[in-house]
Amino acid sequence: MKLEDFTFRSFDKLRYGDTDRQGHINNARFLTFLETGRTEVLHEAGNKKADEGCSFVLARVTLDFRAELLWPGTVEIGTRLVKVGNSSATYEQALFQNGKLAAFSESIVVQTNDVTRKSQPFSEAARARFEAIMVKPQAALSS
């Protein structure tokens, strides 16, 4: 698996304060890096994904650690949409440093109504916005 396998790519700067007593980036920070990738896709300029009056909440995240991240440097974040449900979207993401895979994740976000705070099915327009960026099933190879 490599960064180029992902439709969307972003990065975060690793900070000294992100390290733990073992000298590598604290595992809890990995979730923050994944959030960067997801939110950049969900809120990309000119292509809002949520329906009017709706927001997204994180419903599930799995995270497999593969290697440590080390300060100083950056973490590259790969994100791809692999499934669209009735009111949810499933993303695969990976974190890399210097081309080396550090973590792989699957995240599910759910569209919720801002007033009722309950899940709300996607409109046809929202579904079309998601389907326009979704990868083909054979392209999404979890490893």
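The values are calculated or read from the model by the stated rules, or taken from the named source; none is laboratory data. Computed from a predicted structure; not experimentally measured. Positions of Cβ are generated from backbone atoms using ideal geometry, with glycine treated the same way; all protein chains shown enter the neighbour counts.
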Failed item, numbered, when residue 53 is tested on (1) at negative phi; (2) in contact (Cβ under 8 Å) with a residue 40 or more places away in the chain: (1)
Subset of segment 1-35 (residues that are surrounded by fewer than 11 Cβ atoms within 10 Å (Cβ to Cβ) and of a type in the set (Gly, Ala, Ser)): 17, 23, 28
Subset tally (residues that are under 17 Å from residue 2 (Cβ atoms), of a type in the set (Ser, Thr, Tyr) and crowded, with 17+ Cβ neighbours inside 10 Å) for segment 71-117: 2
Enumeration of residues in segment 56-92 that are under 14 Å from residue 37 (Cβ atoms) and free of Cβ contacts under 8 Å to residues at least 40 places away in the same chain: 90
Extreme residue, farthest from the chain's Cα centre (by Cα), among residues of segment 113-143 that are polar (S, T, N, Q) and at pLDDT 95 or above: 116
Selected residue [within 30 Å of residue 120 (Cβ to Cβ), at pLDDT 95 or above, touching a Gly at 6+ places or on another chain (Cβ under 9 Å) and not in a loop (DSSP other than H, G, I, E, B)] from 76, 35, 92: 92
Test: residue in segment 124-142 that is in contact with a Ser or Thr (Cβ under 9 Å, 6 or more places away or on another chain), touching a residue at least 40 places away in the same chain (Cβ under 8 Å) and of a type in the set (S, T, N, Q): no
Filtered residues of segment 8-32 (kept if among the hydrophobic types (A, V, I, L, M, F, W, C), in a helix (DSSP H, G or I) and in contact with a Ser or Thr (Cβ under 9 Å, 6 or more places away or on another chain)): 30, 31
Unmet criterion (only one of (1) over 18 Å from the mean Cα position of the chain (by Cα); (2) surrounded by 16 or more Cβ atoms within 10 Å (Cβ to Cβ); (3) of a type in the set (Asp, Glu); (4) more than 20 Å from residue 132 (Cβ to Cβ)) for residue 51: (4)
